[in-house]
Every structure is written in C-alpha cells, then in structure tokens.
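The values are calculated or read from the model by the stated rules, or taken from the named source; none is laboratory data. As the structure is a computational prediction, the values presented were derived from the model and not from experiment. For neighbour counting, all protein chains shown are included, and Cβ atoms are generated from backbone atoms with ideal geometry for every residue, glycine included.
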C-alpha cells in the first residue's frame, strides 16, 4: 500500500521530471471557459484511482489464486507487476508531458490504465492478469505525474495552489486508506474481478470530462531528445529480472539457471542503467544529485520502509483469510486501523517537523515500526486479530506515517527549485522499488519456511503457514531497523517548509 503522507510536503513548486509542463511549457491559450474546480476534481479522481490500485487487490488475492489456479509466485506477481511498471517508468512518465503536452499525457495514461483494468477483469489465466496489471502500472506511471502537473499549471496563485494541493494530498490519503476496504467489499459481494472492473466506468467518465474541461497545453521543448528511453528500459528490465530471480528461489535451488541467470541479468541491466545515466544529455536520474547526503540517505531509508510495509500488507492479507478464516470484507476492515494510523502519523509529522527537523521523525518513526514488526512476528495459528495483530499493526503503520513525509523533506532540503520535484519523484520511485523487491524477498522467505515446516510436519499446515509469515515479518523488522540507523546520517538541517 502507498504511504499517503508523501505528497503533503510543502516543497517549492518543482519544475523537472515530476512536473515537466511547469518546467518547460505553460498552458497554451484556451478560449473555452474553463472550470478550475472541474480540473481539480478530474486530477484528484484520477490520482485516487492510481493509488487505490496499489492496494485494492491485496484482499482479493486468495480468491484470484483459487479461481485462476495460481502458484504462490504468481500471486506475488499480481502485486509486483503493477508496482514494477509504476516504479520503473514513474520518472519517465513525469517527462511525458514535456514530449506530448500535459493533456495528451493525462489522456494517454488514463486510457491505458482504464483499458488494462478491463483486460485484467476479463483475464482467464494468471499470465493475462499479470500482463494487464503491468500495463496498469505503466499507465499509472504516466497518469500520476500528469495529475500533479495539471494542478501546478492550473492553480498559479499561491493560496489557490495550496488549497488544491491540500485536496490532492487528502485524496492520496483516502486512496491508500480505502483500498483494502473497497477491495474486500467488492471481492465479497461482486467477485474479485470487480476490483479491476471498478476502474472502467470511472476511467471512461474521467476521459470524457478531461476532453471537455482540461485545457490543451503545449508540448515541451526538446522532444524525443529529452526522453531517456534507454534509461527507462534498462532500469525497468533490470528490476523485473531481479525480482523474477528472487521469486524463482521458491521452486528452484540457488544454483539453478532459472535463479542465477535472471539475477545476473538484473545486476548487469542495472549497471547498464548507471552507465546510460552518466552519458545521456537528459538522464532520468542525474547521478550528481546522489552525491547529496540528504537525498542519498533519505532514499535508503525509504527503500527499507517500502520493503517492509509492502510485504506486511501482502502477508497480513493472507494471514487474515487463510489462518484466521476471515471473509474478504472482514479482512479489508482489519486493515482500516492501520490506514488511519498512517494518516495520523503523517498529520502529526506535518505539524511538528518545523520544530524538530526531519531526522528525529525519521529515526523515531522507523524505530516504532521496528517494534511493531517484531511484535507482529509473534502471530499465532490459533490467535485472533484483537490480541495478536491490532496493536502491533497500528504501531508499525503509525511509524511509517510519521517517517514518510520527513523522508521527502530530507531528500528535497537544499535542492534548488528546478530539482525539488526530481528529488521528490526519486523518493516515490525508491518507495515502489523497495516495495517490489521487499515483497519478492519476504514472500519467498515465508514460502521457504512454510515448505520446511511441512516437510517435517505435513499435517500442521496452519502452523507452517503462520511460521512463514512470522519469520518474514521479523526480517521486515530488520529492514526498518536498518532504515532507523540510516536515518541517523540524514543532515540535521533538513527541516520542514512552513507555509
């Protein structure tokens, strides 16, 4: 699930990869009457849909697996194909408006997302569903930056822009919080396919509204020369190969070509990405920015945070339905306190960061999450939500909410106006990348533990599954503990920006 607090940071209006239209081209004159309220609604609704789909499938996973006869690895790919498509192309998607204009980028991303949602809902096997989810992620990678660019170019007066950004941030939080609950209700009463079909009427309505209300904007200068396609392809392919290799260890030995070949290919592709970024004129990630201690350390913290939290939502969804035998609706409602805890933590961080700076909030937030994950690792096959999950779950998610916005502040502190959005976009990409790799690793570890327990005690299926989930959650605590230690290296001067 995404951390909804990220966009609440009040950084200067950025003009870069995440907000290309603001950087390179203002809106073309549009003689039609324009409703700024309609533009804001369209941008917020589209962003809500993108964020919702990160988490809406989690509760539906057992039903999807049963109907499509998926393996455990296939079940992971339903989540990871979306995350990898989104993360790998997010920065490239941010530059799409520079190439084709904000309106065209918005319409293209929304059309791809909507069509992929329809294809996913109609999927008759796992391969088709996973492919559709990947295309959803790619569409989201183009659509999400365009929603924010629309706001930045539509609301130019500072007070109006602040209000618009507040609405956009609130929708982000609502999307993250509502995903599991909406997914549970749809799965229980309409079937799992509706967690994808639900996007279709919304997407069609938004496409029609955008054609009428969203003003045409000029494409940016530079055209294809500014689009780092080699960088985007190499980083996305590298991450996908790495995740595939990790997941393959569930059914193959480490010395099998099925494991080491994609792992080696992933490493080589990521090295190729670094080489490309050092050579091209307009890189997705200018390597010079990584020399800034605040940005580098904040992204390491976010990697650990994403690796732990994405896996937690996945594993707990399985625990609620497979071990505690909750219905999809009950499982979705179980996630609601954690979603609210993220929002509370984010709001608290927003109010006190100007006094404390980013570093203390990062350290405390990740420390609280570590305690929560260790506590969660004690879940029992004969346990229940109230005694085994509720308190540690809220503690872990509150810590995540407390740390997420300060991570963006730490990353963007000290950057000039033209690079603030790039730094913020890099943090969001790191969160998704950490989530994809962390989910692959921790879910695979859980499967290995379960398989080992079943080999010794074939009759104790529930105990074996719970042991796997618990061990994976304990390793998630190692990730957040490392993030807390890494946060100590964040520069102390990284303070929040007040309005």
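Right, residue 447: under 21 Å from the mean Cα position of the chain (by Cα), modelled with pLDDT under 95, assigned by TED's automatic domain parsing to the domain that holds residue 301 and assigned to a helix (DSSP H, G or I) or not?
Working: under 21 Å from the mean Cα position of the chain (by Cα): no; modelled with pLDDT under 95: yes; assigned by TED's automatic domain parsing to the domain that holds residue 301: yes; assigned to a helix (DSSP H, G or I): yes.
So residue 447 does not fit the description; no.
Listed residues 296, 308; which is assigned by TED's automatic domain parsing to the domain that holds residue 377, without any contact (Cβ under 8 Å) to a residue 12 or more places away in the chain and assigned to a helix (DSSP H, G or I)?
Working: 308 fails: without any contact (Cβ under 8 Å) to a residue 12 or more places away in the chain.
Every option except 296 fails the conditions.
Just a yes or no: is a residue in segment 71-86 closer than 21 Å to residue 438 by Cβ, modelled with pLDDT under 90, over 19 Å from the mean Cα position of the chain (by Cα) and not in a helix (DSSP H, G or I)?
yes
Which residues, counting only those in segment 253-291, are touching a residue at least 60 places away in the same chain (Cβ under 8 Å) and within 24 Å of the chain's Cα centre (by Cα)? It would help to see each step written out before you state the result.
Restricting attention to segment 253-291, the residues satisfying the condition of being touching a residue at least 60 places away in the same chain (Cβ under 8 Å) are 282, 284-286, 289.
Across segment 253-291, the qualifying residues are 284, 285, 286, 289.
I need the helices (runs of 4 or more DSSP H) fully contained in segment 184-250, keeping only those with at least 2 residues that are at pLDDT 90 or above and under 29 Å from residue 317 (Cβ atoms).
Numbers: elements: 194-197, 199-213, 229-248.
In segment 184-250, the matching helices (runs of 4 or more DSSP H) lie at 194-197, 199-213.
Just checking, how many residues over segment 324-342 are in a helix (DSSP H, G or I) and surrounded by fewer than 20 Cβ atoms within 10 Å (Cβ to Cβ)? Working first, answer last.
Within segment 324-342, the first condition is being in a helix (DSSP H, G or I), and the residues that meet it are 328-342.
Filter once more, so that each one left must be surrounded by fewer than 20 Cβ atoms within 10 Å (Cβ to Cβ): 329-330, 333, 336-337, 340.
Residues in segment 324-342 being in a helix (DSSP H, G or I) and surrounded by fewer than 20 Cβ atoms within 10 Å (Cβ to Cβ): 6 in total.
Keeping to segment 446-481, report how many residues are surrounded by 19 or more Cβ atoms within 10 Å (Cβ to Cβ), touching a residue at least 60 places away in the same chain (Cβ under 8 Å) and more than 18 Å from residue 249 (Cα to Cα).
8
Give segment 258-292 a look and list any residue that's modelled with pLDDT under 90 and over 25 Å from residue 228 (Cα atoms), or say none.
258, 259
For segment 141-160, state whether one or more residues are part of a helix (DSSP H, G or I), within 17 Å of residue 47 (Cα to Cα) and either touching a strand residue (DSSP E or B) at 6+ places or on another chain (Cβ under 7 Å) or outside the structural domain of residue 203 (by TED's automatic domain parsing) (or both).
Filtering segment 141-160 down to residues part of a helix (DSSP H, G or I) leaves 141-154, 158-160.
Among the residues that remain, those that are also within 17 Å of residue 47 (Cα to Cα) are: 141-154.
Next, only the ones that are either touching a strand residue (DSSP E or B) at 6+ places or on another chain (Cβ under 7 Å) or outside the structural domain of residue 203 (by TED's automatic domain parsing) (or both) stay: 153.
Yes, that holds for at least one residue.
So residue 102 ticks every box in (1) more than 19 Å from residue 168 (Cβ to Cβ); (2) in contact with a strand residue (DSSP E or B) (Cβ under 7 Å, 6 or more places away or on another chain) but one. Which box is left unticked?
(1)
Output yes when any residue across segment 386-398 is part of a helix (DSSP H, G or I), at pLDDT below 90, touching a helix residue (DSSP H, G or I) at 6+ places or on another chain (Cβ under 9 Å) and in the same structural domain as residue 309 (by TED's automatic domain parsing), and no when none is.
no
Test of understanding: among 96, 60, 111, which residue is over 14 Å from the mean Cα position of the chain (by Cα) and farther than 26 Å from residue 229 by Cβ? Quick ask: steps written out before the conclusion?
Working: 96 fails: farther than 26 Å from residue 229 by Cβ; 111 fails: farther than 26 Å from residue 229 by Cβ.
When all the criteria are applied, what remains is 60.
Any residue at all in segment 113-125 that is under 16 Å from residue 210 (Cα atoms), touching a helix residue (DSSP H, G or I) at 6+ places or on another chain (Cβ under 9 Å) and either buried (at least 24 other Cβ atoms within 10 Å of the Cβ) or modelled with pLDDT of 90 or more (or both)? Steps first, answer last, please.
Here is the first cut: in segment 113-125, the residues under 16 Å from residue 210 (Cα atoms) are 113-114.
Next, from what is left, pick out any that are touching a helix residue (DSSP H, G or I) at 6+ places or on another chain (Cβ under 9 Å): 113-114.
Now restrict to residues that are either buried (at least 24 other Cβ atoms within 10 Å of the Cβ) or modelled with pLDDT of 90 or more (or both): 113-114.
There is at least one residue in segment 113-125 that is under 16 Å from residue 210 (Cα atoms), touching a helix residue (DSSP H, G or I) at 6+ places or on another chain (Cβ under 9 Å) and either buried (at least 24 other Cβ atoms within 10 Å of the Cβ) or modelled with pLDDT of 90 or more (or both).
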